[in-house]
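Trainee: Okay, here's the structure, questions in a sec.
The values are calculated or read from the model by the stated rules, or taken from the named source; none is laboratory data. Model, not experiment: these values are computed from the prediction. Heads up: the accessible areas ignore ligands, DNA and RNA and are worked out on the full protein's heavy atoms, side chains in. Shrake-Rupley method; radii C 1.70, N 1.55, O 1.52, S 1.80 Å.
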Amino acid sequence: MSTDAQPAASLRELAEQSNAWPFEEARKIVARLARNPKPEVIFETGYGPSGLPHIGTFGEVARTTMVRHAFRVLTDDKVKTRLIAFSDDMDGLRKVPDNVPNKELLSRHLGQPLTRVPDPFGTHPSFGAHNNARLRAFLDTFGFDYEFLSSTDCYTSGRFDAALMTVLARFDKVMAIMLPSLREERAQTYSPFLPISPKSGVVLQVPIVAHDAQAGTITYDDPDSGERVATPVTGGRCKLQWKPDWAMRWYALGVDYEMAGKDLIDSVKL
């Protein structure tokens with residue numbers, strides 16, 4: 001064994017015995033990879049750009065980077081890895097943050113996707129784009145190795161279309177998983193798909209009265225006009241509720257690992 005290989009082997013042996021949580025997490029990925037080999041392992045972190053990035057955002061990326069590093073040590077860096085920093089910038093703006101200017105401007109766009117809400121700072125095309133830029137500058141300052149992905153870009157470009165059609169084809173099965181986890185009142189109107197109103201631009205949380213997997217559409221009653229509307233689920237005209245969205249994203253992007261706190265354990269199981 002060469003002198004270079006000896007320290008690497010010793011480090012891997014130590015890693016295989018380590019009780020440190022990054023190595024414990026990484027060993028789970030190694031075990032799963034042994035059962036289902038693939039040439040690349042994808043790590044992911046999620047960011048909700050309804051507010052500015054903060055120390056919690058840093059912590060999530062830092063901890064995931066630790067697990068990625070531990071995985072590379074355990075596999076002698078022979079398996080390609082990537083870290084995706086994913087921004088949920090297609091979520092509707094629920095409330096106006098306290099730490100931004102021009103609050104009245106934002107208040108006129110409540111419910112719209114963050115990438116359609118004007119930037120109150122006046123520096124970017126949208127509030128979502130502004131916060132995404134802040135996130136990337138934040139991560140770049142610390143030298144993180146990552147690939148940035150925007151939910152809006154993935155939905156509108158068609159990158160998620162095939163996965164969305166799969167969700168539509170399995171609509172009833174998805175509902176059977178989700179409904180038992182919801183309160184009775186919420187369950188009565190729940191749908192995994194949220195249409196985006198072509199009139200108001202708002203992400204609508206409305207009951208779905210019909211779905212057609214062959215046509216690739218869902219049908220709902222417009223909450224303002226009462227008109228019955230059929231819309232494709234593809235091309236950014238709908239998005240998913242966050243739990244189905246999370247699962248769909250893992251499926252569409254081939255994600256192997258994403259951290260979650262104790263408060264999200266039940267969501268991860270779903």
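Trainee: Heavy atoms only, probe 1.4 Å: what % of the accessible area of the range 122-227 goes to carbon and sulfur, would you let me know?
Mentor: The value for the range 122-227 is 50 percent carbon and sulfur by accessible area.
Trainee: Which whole-number percentage describes the relative contact order of the range 137-270, with Cα contacts under 8 Å and a sequence gap of 6 or more?
Mentor: Taking the mean separation of contacting Cα pairs over the length of the range 137-270, I get 26 percent.
Trainee: D for the range 138-270, whole µm²/s, Stokes-Einstein with Kirkwood Rh over alpha-carbon pairs at 25 °C and 0.890 mPa s: what number?
Mentor: So the translational diffusion coefficient is about 152 µm²/s.
Trainee: Specify whether the C-alpha gyration tensor of the range 111-152 places it in the rounded, prolate or oblate class, a ≥ b ≥ c being the square roots of the eigenvalues: rounded for a/c under 1.5, otherwise prolate if a/b is larger than b/c and oblate if not.
Mentor: oblate
Trainee: Only Cα pairs under 8 Å and at least 6 apart count here; give the relative contact order of the chain as a rounded whole percent.
Mentor: 18 percent
Trainee: What's the whole-number percent of alpha carbon pairs in the range 162-224 lying beyond 15 angstrom?
Mentor: 54 percent
Trainee: Sticking with this structure for a sec: Can you tell me the alpha carbon radius of gyration of the range 1-135 divided by the globular rule-of-thumb value 2.2 N^0.38 Å?
Mentor: 1.45
Trainee: Please state the Cα pair-distance histogram of the chain with 5 angstrom bins from zero: what percent is in each bin?
Mentor: Per 5 Å bin, starting at zero, the Cα-Cα P(r) for the chain comes out as 1, 5, 11, 14, 16, 16, 13, 10, 7, 4, 2, 1, 1, 0, 0, 0 percent.
Trainee: Separate question: Given the -39500 (n - 2.57) contribution per DSSP H run of 4+ residues, what per-residue ellipticity at 222 nm results for the chain, rounded to the nearest 500 deg cm²/dmol?
Mentor: It comes out at -12000 deg cm²/dmol, rounded to the nearest 500.
Trainee: Any idea how many Lys pairs in the range 134-270 come in under 16 angstrom at the alpha carbon, given 8 or more places apart or on separate chains?
Mentor: 4
Trainee: With every protein chain present, what is the per residue accessible area of the range 92-195 (1.4 Å probe, Å²)?
Mentor: With all protein chains present, the range 92-195 gives 55 Å² per residue.
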